[in-house]
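Shown next, in structure tokens, is the structure this report addresses.
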2 protein chains.
Amino acid sequence: MTRLVMKFGGTSMADPERILHAARLVQSEVEAGRKVAVVVSAMAGVTNQMVAWTDIIGPAAQGLPSSDDEYDVVVTSGEQVTTGLMAMALRSLGVPARSWLSWQAGIITDGVHGKAKVVAIEADDMAASIDSGVVAVIPGFQGVTRQGRLTALGRGGSDTSATAVAAALDCPCDIYTDVDGVFTTDPRLNVHARMLPRISYEEMLELASLGAKVLHSRSVGLAMCHRTPLRVLNSRLKPGEQHGKGTLVCHEDEILEQRIVSGVTLSADESRITLMGLPEDPTTLGRIFTLLGEAELNVDMIVQSPARMEGRGNLLFTVGRRDADKAVRLLAAEPLLKDAEINKDDGVAKVSIVGAGMRSHADVAGTLFRALADKGVPVQAVATSEIKISVLVDGAWGELAARALHTAFELDA
Amino acid sequence: MTRLVMKFGGTSMADPERILHAARLVQSEVEAGRKVAVVVSAMAGVTNQMVAWTDIIGPAAQGLPSSDDEYDVVVTSGEQVTTGLMAMALRSLGVPARSWLSWQAGIITDGVHGKAKVVAIEADDMAASIDSGVVAVIPGFQGVTRQGRLTALGRGGSDTSATAVAAALDCPCDIYTDVDGVFTTDPRLNVHARMLPRISYEEMLELASLGAKVLHSRSVGLAMCHRTPLRVLNSRLKPGEQHGKGTLVCHEDEILEQRIVSGVTLSADESRITLMGLPEDPTTLGRIFTLLGEAELNVDMIVQSPARMEGRGNLLFTVGRRDADKAVRLLAAEPLLKDAEINKDDGVAKVSIVGAGMRSHADVAGTLFRALADKGVPVQAVATSEIKISVLVDGAWGELAARALHTAFELDA
């Protein structure tokens, strides 16, 4: 018995014809003997339309609970439509299928509406149905709490749904999308970008966290934890031609020819927040990041710099652009920071190199800073991990910096 | 404690502004001390769009179960959107509210997908929430089977949902729609149509069954069984101005000034099917209508006429236009009817008069046939009930016949 999860994104579900095409890809796997669960996104554009409606209606009045729970009821309905349509499309091709909505499939999440996390998949019924030869169709992005309220898994949540289902079913997960696979850098920004046949979970995790939109980082993290083989491939492939195509995301030791650097990313979705004149108390940073963490704001680069003023420190960090104003409001309201100067800058870009080979190669940082210096790009901040170096630069320099690094690390096709 | 169910149709939910307007109507009832459950339809046009998608995808291949269950998953999702948006709209106005999807509210139906019937409302949790002052928002049209599959209640199902919820909550039900109330006849076809301040359940049931689109007959039947006061009123009314407006559907003895005839309807949604040369066996009609009934086809007028040929009979009946081809196919495949001639005619109209006063007035039929004869309208078939007389006429004569009867029974404004 070979189970397989296949996930289709919004452009692959854009209209009934595209859905029928995706169903034929599923059919070819079924005919090859696989027991398939299909996870679908909403039709492209539909979720944005719903978000626009919720924006017009506006937030809950003061004194009432937030409307995040109802927002989830609205925005997860697009996946219900494509789930039913995909099940119908499969049956029209003669493939037995049925839909399993989140509350039927047992996709249990926490109650953080708008960006809920999967806490359990209680899918015994669904697994039995799949193994009996009935394709399961599951709405991505949608979960349900133990209290029976619908939740949305956040943007990119359909990848997470698919990976979680694959982990629960102990099988590989094929992510069908509108690109051929994972590239060394964004092919729209750099004609020299190359597709990678394989990439390690660790590298993909860094790439996804850094703005490579092909896979959501939570989905990669989940796959890594459960050793779920993930494959990214193009939904425009013809049925039967998908085998061996795309990029396989797998364990490092399954990749024979290891590169020093596998990818270069550019993210312009973040804002830089600087705090000047902080009290140099050992508890200060703990207080600041607890405050932001409790508000579910994800902080990325953090640089603490020496203060010029006696007994006061400076701090720089980045947060998602969408969260930046909220972060500033929270900090401005914190009594501890009443004497600090708080600034926000949206005009920044984060350029990163990612590669498992960094662990065993010296002078990666040297190559990076030389390449940026050659182009005269000033660096505002640096953040490193074992397999990643990110630099924050002025937004205007972002694309140039990314191209320079792609060349410097010999990734150009 | 005065509970109230308020139901809003698709045009009242057409966009966020209309939804906010409807929410203000709910707010005015809450401020008047009522504990409210709101039942909403999908945005106007959305369900039709979804039906069109399912048509493109097509039916299940031979040998597989029908796709009716998945069709329901698709077409009931529009109500999920408006349910969440309405809950958000209420909260934005400062009115505590939450959504209860069919499977959360306990709207249990049978498993006849596409036209499921409500078999139970297990709404204790929801009722407790309403009584605590939180408005419940419920998707119309959507139910759930005991096995946990979504069902659609069929066209007009949102009225049925609302009435069933009102019956379970033991309270009145206000149906907000795009007309001012129930009229003596279709105001678009006859400028002399008058709005009725009250109408009896029995009359409304006949009118709804006969094509008056303002209320679905199943909803009226449910309301009559449970003595639920139904009110039809215009969703364009201003908040606070809705009291005493519209048409109240109530028990006959609550209507002081009883009319002989309350309404005249015209239905062009039916087809006439004639069977000639039937075996005159006492079991023939039973076999025919069992066959149609098992296929869930609703038959309306039935006329059995004397045969000219020895030992063979003729039969005429009407079915919904959508079901007519299916009915013909079923009959043609029945061995019993192999020698019968089966014909279908879509060019017919059914004109009916309805009035509880018929019970106590003689010569209603006489007035009807005189009025039609005066205009030279030939009658193809007649069907009567205690409070209704329907005649089947050539489609071209339908509007003329309806106007003539409206005048003859002194309904003209």
When segment A:252-286 is checked residue by residue, the ones that are closer than 22 Å to A:LYS338 by Cβ, assigned to a strand (DSSP E or B) and aliphatic (A, V, I, L, M) are A:ILE273, A:LEU275, A:MET276, A:LEU278
Taking segment B:33-50 and keeping residues without any contact (Cβ under 8 Å) to a residue 40 or more places away in the chain and part of a loop (DSSP other than H, G, I, E, B) leaves B:GLY33, B:MET43, B:ALA44, B:GLY45
Could we say that A:VAL30 is within 15 Å of A:ALA162 (Cα to Cα), among the hydrophobic types (A, V, I, L, M, F, W, C) and in a helix (DSSP H, G or I) here?
no
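Please determine whether any residue of segment B:127-150 is part of a strand (DSSP E or B), in contact with a Phe, Trp or Tyr (Cβ under 8 Å, 6 or more places away or on another chain), farther than 29 Å from B:GLU31 by Cβ and in contact (Cβ under 8 Å) with a residue 40 or more places away in the chain.
Checked against the condition, which is being part of a strand (DSSP E or B), in contact with a Phe, Trp or Tyr (Cβ under 8 Å, 6 or more places away or on another chain), farther than 29 Å from B:GLU31 by Cβ and in contact (Cβ under 8 Å) with a residue 40 or more places away in the chain, segment B:127-150 yields at least one hit.
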Flag for A:ARG146 being farther than 18 Å from A:LEU222 by Cα and open to solvent by 50 Å² or more (accessible area, probe 1.4 Å)
yes
Extreme residue, most open to solvent (accessible area, probe 1.4 Å), among residues of segment A:1-16 that are among the hydrophobic types (A, V, I, L, M, F, W, C) and under 13 Å from A:ASP170 (Cα atoms)
A:MET1
For segment A:318-333, indicate whether the set of residues that are under 23 Å from the mean Cα position of the chain (by Cα) and either among the β-branched types (Val, Ile, Thr) or assigned by TED's automatic domain parsing to the domain that holds A:VAL249 (or both) is non-empty.
yes
Return yes when B:ALA373 is of a type in the set (Gly, Ala, Ser) and either at pLDDT below 90 or open to solvent by less than 50 Å² (accessible area, probe 1.4 Å) (or both) and no when it is not.
no
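For segment A:327-361, what are the residues that are in a strand (DSSP E or B) and over 17 Å from A:LEU278 (Cβ atoms)?
A:ASP345, A:VAL348, A:ALA349, A:LYS350, A:VAL351, A:SER352, A:ILE353, A:VAL354
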Flagged in segment A:260-279 as open to solvent by 30 Å² or more (accessible area, probe 1.4 Å) and either within 18 Å of the chain's Cα centre (by Cα) or closer than 27 Å to A:VAL364 by Cβ (or both), in numbering order, are A:ILE260, A:LEU266, A:ALA268, A:ASP269, A:ARG272
Would you mind stating whether A:ASN314 is outside any loop (DSSP other than H, G, I, E, B), open to solvent by 20 Å² or more (accessible area, probe 1.4 Å), over 30 Å from A:ALA193 (Cα atoms) and touching a Pro at 6+ places or on another chain (Cβ under 8 Å)?
yes
Looking at A:SER77, A:SER102, can you tell me which residue is without any contact (Cβ under 8 Å) to a residue 40 or more places away in the chain, within 23 Å of B:GLY78 (Cα to Cα) and crowded, with 22+ Cβ neighbours inside 10 Å?
A:SER77
Exclusive hit being surrounded by fewer than 19 Cβ atoms within 10 Å (Cβ to Cβ), more than 22 Å from the chain's Cα centre (by Cα), at pLDDT 95 or above and more than 9 Å from chain B (Cβ to nearest Cβ), set A:ALA32, A:ALA22:
A:ALA32
Counting only residues that are closer than 14 Å to B:MET204 by Cα and either free of Cβ contacts under 8 Å to residues at least 60 places away in the same chain or surrounded by fewer than 16 Cβ atoms within 10 Å (Cβ to Cβ) (or both), how many does segment B:235-253 have?
3
Selection over segment A:356-377 where residues are under 18 Å from A:SER267 (Cβ atoms) and not hydrophobic (A, V, I, L, M, F, W, C) yields a count of 0
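Could you tell me whether segment B:38-45 includes any residue that is modelled with pLDDT of 95 or more, within 11 Å of chain A (Cβ to nearest Cβ), open to solvent by 10 Å² or more (accessible area, probe 1.4 Å) and over 16 Å from B:SER161 (Cα atoms)? Let's see the steps before the verdict.
First, pick out the residues of segment B:38-45 that are modelled with pLDDT of 95 or more: B:38-43.
Narrowing the set further to residues that are within 11 Å of chain A (Cβ to nearest Cβ) leaves B:42-43.
Filter once more, so that each one left must be open to solvent by 10 Å² or more (accessible area, probe 1.4 Å): B:43.
Right, trim to over 16 Å from B:SER161 (Cα atoms) and you get B:43.
Yes, segment B:38-45 contains at least one residue that is modelled with pLDDT of 95 or more, within 11 Å of chain A (Cβ to nearest Cβ), open to solvent by 10 Å² or more (accessible area, probe 1.4 Å) and over 16 Å from B:SER161 (Cα atoms).
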Output yes when any residue across segment A:156-166 is within 13 Å of chain B (Cβ to nearest Cβ) and either open to solvent by 30 Å² or more (accessible area, probe 1.4 Å) or touching a residue at least 24 places away in the same chain (Cβ under 8 Å) (or both), and no when none is.
no
Pull out all pairs, ordered by first then second residue, where Cβ-Cβ is under 8 Å, the residues are six or more apart or on different chains, the first lies in segment B:275-299 and is among the aliphatic types (A, V, I, L, M), and the second is part of a loop (DSSP other than H, G, I, E, B).
B:LEU275/B:ALA340; B:MET276/B:ALA340; B:LEU278/B:ALA307; B:LEU278/B:ALA340; B:ILE288/B:GLU334; B:LEU291/B:GLU334
Would you be able to say whether some residue in segment A:319-326 is open to solvent by less than 30 Å² (accessible area, probe 1.4 Å), closer than 23 Å to A:THR384 by Cα and not in a helix (DSSP H, G or I)?
yes
So B:ALA212 passes all but one of these: (1) surrounded by fewer than 15 Cβ atoms within 10 Å (Cβ to Cβ); (2) within 29 Å of B:LEU400 (Cβ to Cβ). Which condition number does it fail?
(1)
Pick out, from segment A:51-114, the helices (runs of 4 or more DSSP H) lying fully within it that include 1 or more residues that are at the interface with chain B (Cβ under 7 Å from one of its Cβ atoms) and more than 22 Å from A:VAL165 (Cβ to Cβ).
A:68-75, A:77-92
Residues being more than 17 Å from A:VAL179 (Cβ to Cβ) and assigned to a strand (DSSP E or B) - total across segment A:210-251:
1
Let me spell it out: the conditions are (1) at pLDDT below 95; (2) over 17 Å from A:ASP69 (Cα atoms); (3) basic (Lys, Arg), and A:LYS115 meets all of them except one. Which number is the exception?
(2)
Looking only at segment B:381-413, count how many residues are under 19 Å from B:ASP363 (Cα atoms), in a helix (DSSP H, G or I) and either without any contact (Cβ under 8 Å) to a residue 40 or more places away in the chain or small (Gly, Ala, Ser) (or both).
4
If I ask for residues that are open to solvent by 10 Å² or more (accessible area, probe 1.4 Å) and either of a type in the set (S, T, N, Q) or more than 12 Å from A:ILE107 (Cβ to Cβ) (or both), which ones from segment A:121-143 would you list?
A:ASP124, A:ASP125, A:ALA127, A:ALA128, A:SER129, A:ASP131, A:SER132, A:GLY133, A:VAL134
Which listed residue is among the aromatic types (Phe, Trp, Tyr), more than 26 Å from A:THR318 (Cβ to Cβ) and in contact with a strand residue (DSSP E or B) (Cβ under 8 Å, 6 or more places away or on another chain), from A:TYR201, A:TYR176:
A:TYR176
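The values are calculated or read from the model by the stated rules, or taken from the named source; none is laboratory data. Source: prediction; values computed, not measured. Because the Cβ atoms are built from the backbone with ideal geometry, glycine has one as well, and the counts that use them run over all protein chains shown. These accessible areas exclude ligands, DNA and RNA; they are computed on the full protein's heavy atoms, side chains included. Shrake-Rupley method; radii C 1.70, N 1.55, O 1.52, S 1.80 Å.
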